[in-house]
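This report refers to the structure that appears directly beneath it.
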Amino acid sequence: MNLTAFRFETDSDGIALLTWDMPGRSMNVITQDVMRELNQVIDTVASDAAIKGCVIASGKEAFSGGADLTMLEGFGSQFASMAKADGYDKAMQFFFDGTRSLSQLYRKLETCGKPFAIAINGTCLGGAFELALSCHYRVVADGEKVRVGLPEVKVGLFPGAGGTQRVARLMQTGDALQMLFKGDQLRPQQAKTMGLVHEIAPAAEIIDKAKAWIRTGNKGMAPWDDPKFRLPSGKVYSPAGMMVWPAANAIYRRETQDNYPAVKAILHAVYEGLQLPMDLALRVESRWFAKILRSPEARAMIRTLFVSMGELNKGARRPANVPPSTPKKIGVIGAGFMGASIAYVSALAGIEVVLIDRDQEAADKGKALSHKLMTDQIMKGRAKTAERDALLAHIEATPDYGKLADVPMVIEAVFEDRAVKAEVIKKVLAVLPADAIFASNTSTLPITSLADNSPKPEQFIGIHFFSPVERMMLVEVILGKKTGDRALATALDFVRAIRKTPIVVNDSRGFFANRCVLNYILEGHLMLAEGVPAAMIENLAKQAGMPVGPLSLNDEVALDLGWKILQAAKKDLGDKAVSPAQEALLDAMVNKFERYGRKNRKGFYDYPEKAPKKLWPGLADLQPTKLDPDTLDREELKHRFLVTQAVEAARTVEDGVIVDPREADVGSILGFGFAPYSGGALSYIDFMGAKKFVALCDALAAKHGPRFAPPQLLRDMAAKGETFYGRFAANKSAA
Ligand code: NAD
């Protein structure tokens with residue numbers, strides 16, 4: 001055999017060991033070459049009488065992350081060119097054959113007549129876990145970092161190499177559907193309990209255990225190929241099946257609002273597949289897979305949530321002329337809501353933190369958050385006491401600025417007040433090393449003007465976190481007019497170290513994310529003022545694809561903060577900068593009724609102590625007119641939610657705040673949950689087409705006002721038939 005991705009050796013018992021260890025890569029990935037080599041191995045194992053069976057293992061720290069999604073993308077572009085040259089039918093046949101080749105390869109392994117066992121030493125996801133499922137025996141290492149699972153649904157796909165069929169034959173149907181819908185990564189014990197793996201063993205023993213299983217003379221036959229096999233939940237058309245399927249449809253609707261074709265395809269593939277023998281079932285799965293792979297949703301989600309996010313995480317915008325740095329120590333000034341969490345995520349990444357507040361008590365209070373968060377992890381069995389101690393030892397809580405003398409970077413998170421910030425900057429710069437970087441976590445103050453407080457504005461930058469910092473994966477890195485490359489590189493190295501995704505934006509009021517999300521909240525407020533029932537506003541926003549309704553979101557970020565932002569905008573930009581209807585609504589909520597949001601358990605919702613939140617009945621009294629829900633155009637209301645954000649995203653491109661469409665798309669999904677199936681706020685426009693989007697904006701502007709008016713950039717793009725990714729491709733390398 002001619003192998004490069006694998007090593008193949010046979011021991012004295014006639015058991016082969018196939019070690020997957022691709023040269024020059026840190027992680028194994030399924031490529032065309034890997035498939036070709038695996039095919040040779042299967043032929044050899046099946047045909048060589050001296051080989052009793054084969055164990056598949058990995059030579060890397062992780063087992064494998066799965067298939068190379070760019071390989072799948074490649075089928076898409078080949079399909080497009082073939083359809084033009086040879087016609088649709090021929091192209092479709094090519095596409096179907098190509099995209100099911102992995103499924104066929106795994107089926108060949110499963111039915112080759114010799115036993116295959118797999119020894120999973122580390123993360124094994126997607127197509128790699130589907131390989132595991134096609135093996136006859138699965139041993140997994142009991143390591144802390146080991147995860148298995150089928151996360152394809154998170155990029156708009158589903159496990160199309162037999163995953164849906166094998167999972168649904170290993171588990172109760174309801175459980176299988178849940179696992180496939182969610183795409184969660186599972187710890188070894190969870191996977192064993194669910195029946196997805198057979199055995200857990202210490203990492204050093206997994207290969208021996210797998211070999212031992214083969215040595216006992218087990219047949220190489222999957223349970224479903226045994227004529228006596230019965231489905232775990234019984235037949236689809238049975239009283240038990242009828243308990244599952246209507247509920248499954250309802251859950252699908254609830255979880256996706258019918259926005260995610262891949263999830264619907266999972267339902268189809270499992271429902272149809274479970275009524276067929278395995279080979280036909282796999283063919284049905286492949287048909288759905290080929291369809292989903294060509295869906296705009298899958299293409300958009302793969303591009304944004306896999307390709308672009310990966311590129312940004314690897315530092316796509318990092319200036320190449322600055323050598324990489326590994327942050328070892330930082331200072332955090334202000335141990336309040338944000339500062340305390342920034343200290344926690346930094347310490348979690350092994351970075352030493354000097355956490356400063358006005359007095360020892362305030363600093364200690366900030367550090368106590370880390371104690372609490374780690375204790376929560378311990379209670380859930382996800383951390384050990386020693387890990388909490390180690391993390392706390394990384395944080396020095398103090399009011400003493402002198403402790404910053406050897407810190408290469410400081411992040412300021414004190415009150416959102418120019419005078420307070422100016423004072424803090426002065427105090428910090430008096431002790432900080434001359435070449436250190438100063439970062440501000442401000443959410444509204446322009447970085448350029450804050451940098452005026454520093455004699456070295458080139459060393460000044462914005463690092464804007466989102467709350468809750470522990471959970472939100474996005475960080476906006478903001479460039480002031482004079483911010484230099486070294487500050488940007490240092491900030492990006494830090495964001496990478498804490499394993500978050502950065503977008504780099506130019507300075508402007510609200511930067512990128514807040515500009516878009518404030519529009520979303522505004523639209524909810526305006527609908528309420530128009531007389532749309534509050535429940536309808538919330539539900540339609542979710543049906544449009546937003547994770548939470550605008551009223552609920554406003555409750556989370558606080559209504560009094562909204563009121564303050566409005567007043568600040570009025571002061572800085574004039575009365576016309578705010579909507580009178582929104583101002584009247586917030587004035588009543590905040591100043592008259594003292595409803596501040598979740599924080600005082602009173603906002604657009606009521607938050608009872610021991611019951612779920614409920615919309616505040618008093619909202620109806622704040623509506624001068626009440627519209628009849630049956631007369632409202634639901635599609636128009638849904639469009640308003642997405643268009644108001646997307647048009648603002650387009651304006652940030654026109655303003656030069658966003659220079660790379662990948663950042664707007666990734667930022668809009670990670671930062672404020674913009675309809676992920678769309679691929680993000682700019683992909684939403686690109687996939688709709690600029691012309692259609694501009695027409696939609698014009699129609700909404702005519703009816704609802706100039707906030708929907710498209711910028712000139714969009715009109716130009718519409719006239720030329722351009723997309724953001726086409727027009728701004730050149731910016732990809734700009735940093
Ligand atoms: P906060 O009021 O919870 O915390 C501010 C902390 O700064 C307090 O602990 C206070 O004691 C401390 N402080 C004030 N003056 C100080 C001084 N002179 N020296 C040392 N410490 C001082 O506020 P927060 O919500 O954490 O916001 C902090 C910053 O983060 C603001 O700039 C805000 O705009 C920004 N931000 C907030 C959010 C959010 O969701 N709250 C999100 C992103 C950014």
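Relative protection proxy for 359-368, 258-267, from highest mean packing down: 258-267, 359-368 (other beta-carbon atoms within 10 angstrom). Of all DSSP-defined beta bridges confined to the chain, some 25% are antiparallel rather than parallel. Find out how many positive minus negative residues lie around residue 690, taking Lys and Arg as positive, Asp and Glu as negative, among other residues whose Cβ is under 15 Å from that of residue 690. With Lys, Arg at +1 and Asp, Glu at -1, the neighbours total +1.
Computed on the Cα atoms alone, the convex hull of region 201-285 gives a volume of 164 cubic angstrom per residue. Shown here are the Rg and Dmax of the Cα trace of the chain, at 28.0, 86 Å. The trypsin sites (Lys or Arg not before Pro) of region 567-623 that DSSP puts in a loop, and whose beta carbon has at most 15 other beta carbons within 10 Å, are 601, 610, 613. Label-to-label distance, residue 2 versus residue 144, with points set 7 angstrom from Cα along the beta-carbon direction: 4.5 nm.
I'd like the FRET efficiency for residue 720 and residue 379, computed as 1/(1 + (r/R0)^6) with the beta carbon distance as r and R0 of 51 Å, rounded to 0.05. The partial results should precede the final answer.
Details: r = 58 Å, r/R0 = 1.13.
Taking R0 as 51 Å, the efficiency between residue 720 and residue 379 is 0.35.
The equivalent ellipsoid of region 6-294 has semi-axes of 29, 24, 18 Å, largest first, where each one is the square root of 5 times an eigenvalue of the Cα gyration tensor.
Once Rg and the Kirkwood radius are both taken over the C-alpha atoms of region 514-730, their ratio Rg/Rh works out to 0.98. Projected label points at residue 326 and residue 359, each 7 Å from Cα along the beta carbon direction, are separated by 4.1 nanometres. Of the peptides 641-649, 28-36, the order by per-residue mean of other Cβ atoms within 10 Å, starting with the highest, comes out as 641-649, 28-36.
Using the Cα centre of region 514-730 as the reference point, and only Cβ charges (+1 on K/R, -1 on D/E), how large is the resulting charge dipole? Debye, rounded to the nearest 20. Walk me through the numbers on the way to the answer.
Values: 28 positive and 29 negative charges, 53 e Å.
Result for region 514-730 is approximately 260 debye, rounded to the nearest 20.
Using every pair of distinct Cα positions in region 329-510, the Kirkwood expression returns a hydrodynamic radius of 16.2 angstrom.
With the simple model of a label 7 Å out from the Cα in the direction of the Cβ, residue 212 to residue 46 spans 3.1 nm. Once R0 is set to 41 Å, what does the formula 1/(1 + (r/R0)^6) return for the Cβ-Cβ distance between residue 230 and residue 561, expressed as a FRET efficiency to the nearest 0.05? Calculated transfer efficiency: 0.10.
Neighbour counts of other C-beta atoms within 10 Å: give me 118, 498, 685 arranged from fewest to most. Walk me through the numbers before you get to the answer.
Numbers: 118 28, 498 20, 685 31.
If I rank by nearby Cβ atoms, fewest first, I get 498, 118, 685.
Given 20 °C and 1.002 mPa s, how large is the Stokes-Einstein diffusion coefficient of region 1-101 in µm²/s, with Rh as the Kirkwood radius over Cα pairs?
Working: Rh = 15.5 Å.
The calculation lands on 138 µm²/s.
Mind sorting 47, 552, 508, 12 by how few other Cβ atoms lie within 10 Å of their own Cβ, fewest first?
Numbers: 47 11, 552 22, 508 18, 12 5.
So the ranking, lowest neighbour count to highest, is 12, 47, 508, 552.
Evaluated on region 161-231, the Kirkwood hydrodynamic radius is 14.0 Å, with distances taken between all distinct Cα atoms. For region 624-639 and region 1-72, what is the separation of their C-alpha centers, rounded to whole Å? Taking the Cα centre of region 1-72 as reference, the centre of region 624-639 is 58 Å away.
Using the alpha-carbon atoms, what tilt in degrees (0 to 90, nearest 10) does helix 337-348 show relative to the longest principal axis of the chain? Taking Cα atoms only, the helix is inclined about 30 degrees.
Throughout, read-outs are computed from the coordinates displayed, never taken from laboratory work. None of these values were measured; they are calculated from a predicted model. Because the Cβ atoms are built from the backbone with ideal geometry, glycine has one as well, and the counts that use them run over all protein chains shown.
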